[in-house]
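Taking it in order: structure first as structure tokens, then the write-up.
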Amino acid sequence: MNKKELIDFCLSLGPTFADTPFAKMEKGQPTVVMRHLKNKKSFAYISEREGRVNIAIKQKPEIAIELRDFFVDINPAFHMNKTHWNDVLLGGDVADEQVCKMVEQSYDLIKPKRE
């Protein structure tokens with residue numbers, strides 16, 4: 001899965017939009033923040049590091065820790081709350097289907113209770 005496909009997948013989950021709030025501070029491709037349209041909460045931060053696509057996603061704490069133990073390419077998220085956020089490097093030991101499932105779970109955690 002490439003960056004565009006990942007952004008398109010995030011946009012397909014419901015009322016969402018892509019934001020680039022850090023563009024002026026970053027060199028190269030800006031981090032794309034995926035947000036819910038109604039409450040503006042973020043559920044994914046998509047960036048590129050050393051030529052690989054990285055996504056930071058919100059997860060339940062017990063799941064976040066378990067995934068870090070199981071996958072080499074899942075680590076505590078950089079610049080985020082390490083209890084609730086994981087970084088996932090694409091193109092490694094995490095299948096695209098698993099990444100999509102985690103993104104859906106992240107979206108479910110932040111979406112308004114009543115849509």
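The values are calculated or read from the model by the stated rules, or taken from the named source; none is laboratory data. All values reported here derive from a predicted model rather than from experimental measurement. So basically every Cβ, Gly included, is an ideal-geometry build from the backbone, and we count neighbours across all protein chains shown. What goes into the accessible areas is simple: the full protein's heavy atoms, side chains included, and nothing from ligands, DNA or RNA. Shrake-Rupley method; radii C 1.70, N 1.55, O 1.52, S 1.80 Å.
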Exercise. Restricting attention to segment 103-113, does a residue exist that is within 24 Å of residue 17 (Cβ to Cβ), at pLDDT 95 or above and open to solvent by 90 Å² or more (accessible area, probe 1.4 Å)?
Worked result: no
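Applying the selection to segment 65-115, what residues are of a type outside the set (D, E, K, R), in a strand (DSSP E or B) and either under 17 Å from residue 33 (Cα atoms) or in contact with a Cys (Cβ under 6 Å, 6 or more places away or on another chain) (or both)? Reasoning before the result, please.
So the first thing to find is which residues in segment 65-115 are of a type outside the set (D, E, K, R), and the list is 65, 67, 70-72, 74-81, 83-86, 88-92, 94-95, 98-100, 102-103, 105-107, 109-110, 112.
Then keep just the ones that are in a strand (DSSP E or B); that gives 74-76, 85-86, 88-89.
Of everything in segment 65-115, those that are of a type outside the set (D, E, K, R), in a strand (DSSP E or B) and either under 17 Å from residue 33 (Cα atoms) or in contact with a Cys (Cβ under 6 Å, 6 or more places away or on another chain) (or both) turn out to be 85, 86, 88, 89.
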For this session: Those residues that are open to solvent by less than 40 Å² (accessible area, probe 1.4 Å) and modelled with pLDDT of 95 or more, I need them from segment 14-31; list them, please.
Result: 16
Problem set entry | The lone exception for residue 62 - which of (1) within 15 Å of residue 109 (Cβ to Cβ); (2) touching a residue at least 40 places away in the same chain (Cβ under 8 Å); (3) part of a helix (DSSP H, G or I) it fails | (2)
Exercise. Taking segment 80-99 only, how many residues are touching a strand residue (DSSP E or B) at 6+ places or on another chain (Cβ under 8 Å) and either surrounded by 20 or more Cβ atoms within 10 Å (Cβ to Cβ) or within 15 Å of residue 44 (Cβ to Cβ) (or both)?
Worked result: 10
Seminar exercise, completed: All conditions in (1) in contact (Cβ under 8 Å) with a residue 12 or more places away in the chain; (2) over 20 Å from residue 111 (Cα atoms) are true of residue 95 except (1)
Exercise. Do we find a residue being touching a strand residue (DSSP E or B) at 6+ places or on another chain (Cβ under 6 Å), in contact (Cβ under 8 Å) with a residue 40 or more places away in the chain and open to solvent by 20 Å² or more (accessible area, probe 1.4 Å) anywhere in segment 32-40?
Worked result: no
